[in-house]
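Student: Pasting a structure here, questions to come.
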Amino acid sequence: MTEAFIEFLQWPAMVITLLSAWLVASESKLKRCWGFWTFMLSNVLWVLWGWQEDAFALIFMQIGLFLLNVRGAFKAKT
């Protein structure tokens with residue numbers, strides 16, 4: 001991936017993270033479920049960005065958050 005693309009990646013990651021938080025806070029079960037899935041997308045984007053920046057603490061945090069979001073997505077369905 002090009003350096004410019006990696007630098008740009010942090011912006012959609014940030015927007016998706018904020019959108020995800022808004023969705024997870026919703027009273028709607030469907031929106032909460034979508035919130036966890038979009039959080040997982042943001043986790044992947046942050047890992048891609050962090051890998052190129054050698055931000056290993058960020059990468060490990062995003063992996064942990066990804067696993068918690070998987071749990072949340074399954075719990076949101078029930």
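Student: In degrees from 0 to 90, rounded to the nearest 10, what is the angle of the helix 56-77 Cα long axis to the longest principal axis of the chain?
Tutor: 20 degrees
Student: Angle between the Cα long axis of helix 29-53 and the longest principal axis of the chain, 0 to 90 degrees, nearest 10?
Tutor: Helix 29-53 sits at roughly 10 degrees to that axis.
Student: Over the chain, what relative contact order in percent results from Cα pairs under 8 Å that are six or more residues apart?
Tutor: Working: 80 pairs, mean separation 24.2, N = 78.
Rounded, it is 31 percent for the chain.
Student: Hey, another quick one. If one takes the longest principal axis of the Cα atoms in the chain, at what angle in degrees, from 0 to 90 and to the nearest 10, does the Cα axis of helix 3-24 lie?
Tutor: Helix 3-24 sits roughly 10 degrees off the main axis of the chain.
Student: Accessible area per residue of the chain at 1.4 Å probe, in Å²?
Tutor: Details: 5330 Å² over 78 residues.
Result: 68 Å² of accessible area for each residue.
Student: Looking only at Phe39, Phe56, Phe66, which one moves most when the chain is put into a Gaussian network model with springs between Cα atoms under 10 Å?
Tutor: Of Phe39, Phe56, Phe66, the Gaussian network model singles out Phe56 as fluctuating most.
Student: If you put +1 on each Lys and Arg Cβ and -1 on each Asp and Glu Cβ, how big is the dipole of the chain around its Cα centre, in Debye rounded to 20?
Tutor: So the dipole magnitude of the chain works out to roughly 700 debye.
Student: Using a 1.4 angstrom probe on heavy atoms only, work out the carbon and sulfur share of the accessible area of the chain in %.
Tutor: Solvent-exposed carbon and sulfur of the chain make up 74 percent of the total.
The values are calculated or read from the model by the stated rules, or taken from the named source; none is laboratory data. Remember, it's a predicted structure, so these values are computed and weren't measured experimentally. Note: ideal-geometry Cβ built from the backbone for every residue, glycine included; neighbour counts use all protein chains shown. Only protein heavy atoms, including side chains, enter the accessible area calculation; ligands, DNA and RNA are left aside. Shrake-Rupley method; radii C 1.70, N 1.55, O 1.52, S 1.80 Å.
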